[in-house]
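None of the figures in this text is laboratory data; all of them are computed from the coordinates on show. Note that this is a predicted model, so its numbers are computed, not measured. With ideal geometry, Cβ positions are generated from the backbone for all residues, glycine too; neighbour counts draw on all protein chains shown.
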Amino acid sequence: MNTEQQPGSWTRGAALVPLPVYKVKGDLSLANFRLAPIVNGKVWCLHYETLEPFECAFTEASGCTLESERGLYTTVGQLISRDGEPGGPYAEYVVAAKISDDLTVPCIHPSVVPGVPPGCELGGAAVRETGLSAFNATGQPLRHHCRLSVCTSSHPHPDGAQLVGSASGPSFCYAGVGAALNDINGREADERSIYLPGAAFVHVVWNSGFEVPGAKRPAVRGWPKVVDPNSPIVWRAFASGVKIGSEPRAAGGCP
């Protein structure tokens, strides 16, 4: 089956502008290649459920850092607390990319990220989804494949995913194509965990001038973080540290 989609009338996310990076500290293996500037020990974040912006503290202990001629950066998508603590019960903020006036965000080339196949180039701008909406900007259902079941209050499923449990509620479980999406790159993958090619399969969410990887998922609660089965499937920020239907990053293909 040909999974390539031609560009449509959907609203794009920010264009990517690569920055030369000459020093990296920390683990890039589960990093998004968009970058966020660290200014005076602070980095802008969005809450992973409400998308509320907050200027979080950030140190080398918070996550990976990258040095360039333009200053110090970190990678988008990392989950930290307001105080900059990575992981833990208070880590509810996703590091976000600041959108420039020309609608661009800085990034590193995907070839720098461990695990990315050779030959991958920067893709076009992603699809910009509306936060906390169940509607997809492309008008097409998700094609991301979920091996694990995803339980939610949504019924019927907004993307037509297969029901794999009781239809009596109050929560309903789905699996297979379109059940959910929670990937560090905001990109959909097939049943082999290979990223689908084309900008229409990459999703971001904007709020207050910031961009984060988009995830279509139920809410997350508690510690350790688990899916809240009594919450709807809508567009939110990527939530690291919890499996929602599939691994947090596909096993192959260009991100």
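Just a few scattered comments:
- Computed label-point distance, nm, for sites Arg70 and Trp10 using a 7 Å Cα→Cβ extension: 2.6
- Alpha carbon convex hull of the chain, volume per residue in cubic angstrom: 115
- Förster radius 25 Å - calculated FRET efficiency between Leu19 and Thr59, Cβ distance, rounded to 0.05: 0.75
- Applying 1/(1 + (r/R0)^6) with R0 = 45 Å to the Cβ-Cβ distance of Asp102 and Val164 gives a FRET efficiency near 0.50.
- The count of lysine pairs in the chain whose Cα atoms are under 29 Å apart, excluding pairs fewer than 8 places apart on the same chain, comes to 16.
- Estimated distance in nm for a label pair at Trp223 and Arg147, the labels positioned 7 Å out from Cα along Cα-to-Cβ: 3.0
- Sites matching GluC sites (Glu not before Pro) across the stretch 48-133 that sit in DSSP coil, with at most 16 neighbouring C-beta atoms within 10 Å: Glu60, Glu69, Glu121
- GNM remark for the chain: springs join alpha carbons under 10 Å apart, and the peak mean-square fluctuation among Pro114, Pro86, Pro197 falls on Pro114.
- For the stretch 148-254, the Kirkwood hydrodynamic radius from C-alpha pairs, put into Stokes-Einstein at 20 °C and a viscosity of 1.002 mPa s, yields a diffusion coefficient of 152 µm² per second.
- Distance-filtered residues of the stretch 173-198 - backbone nitrogen under 19 Å, label point 7 angstrom along Glu247 Cα→Cβ: 176-197
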